[in-house]
Amino acid sequence: MVRPQEFNTAEVLDKALGLFLRKGFEATSMSDLLAATGLSRSSLYAAFGGKRDLFLAAFDAYRAERTAALNRSLDSRPARAAIEAFFRSIIDTAHGREPSCGCMSTNQAVELAPHDAGIRERIAADFQAIEDAFCRTIARGQAEGSIAPARDARAIARLLVVAFPGFQVMVRAGADPVRLDAALKELLTLLGEVPFRPAV
């Protein structure tokens, strides 16, 4: 008779994710994972198959939640303000008491993607989802009048995706938030100047 699972999978994945974010994949040991999740070695192997399988499960859960959160955030306010708020939230982590752990996809683009095709495919899909979300938001902004209509929405979205990991890395490297604010101001010029519309 199979024993019922005695742990919450989502909680285990969240604890493992926090560890992988802080330490990276290679520096995280099985002992670290057992201590963080509270699982026995046999339970971890039975449920997830090992360190890499647990990492992939945690990474996939992270990607799904982050994409959903990004879409909710971008849809919650006017397009131009939503894009600025997205990047400003990254800069704001530079003011936090705890050092930023960054974005898992950005971190793993450096650590594992160069020699792991499975990770590389996940990261490509993740950045594509971010690009698509930006593109939809830019097109909405052009329709509502907060973003200049003459610019190509897809081209701008691709540039924003390139800028995204750059801001993440600079925050982790301890860059001056004032300099990051100035860089963001320049980045937002990609959205163009919207003609002034006097009130009727």
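The values are calculated or read from the model by the stated rules, or taken from the named source; none is laboratory data. For clarity, every value in this text was computed on a predicted model and none was experimentally measured. Backbone-built Cβ (ideal geometry, glycine too); neighbour counts: all protein chains shown.
Points worth noting:
- Residue selection: residue 118 fails the criterion of being outside the structural domain of residue 54 (by TED's automatic domain parsing) and at positive phi.
- Every test in (1) modelled with pLDDT under 95; (2) surrounded by fewer than 17 Cβ atoms within 10 Å (Cβ to Cβ); (3) of a type outside the set (Ser, Thr, Tyr) is passed by residue 60 save one, and that test is (1).
- The stretch 14-26, residues that are outside any loop (DSSP other than H, G, I, E, B) and either over 19 Å from residue 106 (Cα atoms) or of a type in the set (D, E, K, R) (or both): 14, 15, 22, 23
- Residues within the stretch 76-107 that are touching an Asp or Glu at 6+ places or on another chain (Cβ under 7 Å) and assigned to a helix (DSSP H, G or I), tallied: 3
- Taken together, the criteria exclude residue 102 from residues that are out of contact with any strand residue (DSSP E or B) (no Cβ under 6 Å at 6 or more places or on another chain) and surrounded by fewer than 16 Cβ atoms within 10 Å (Cβ to Cβ).
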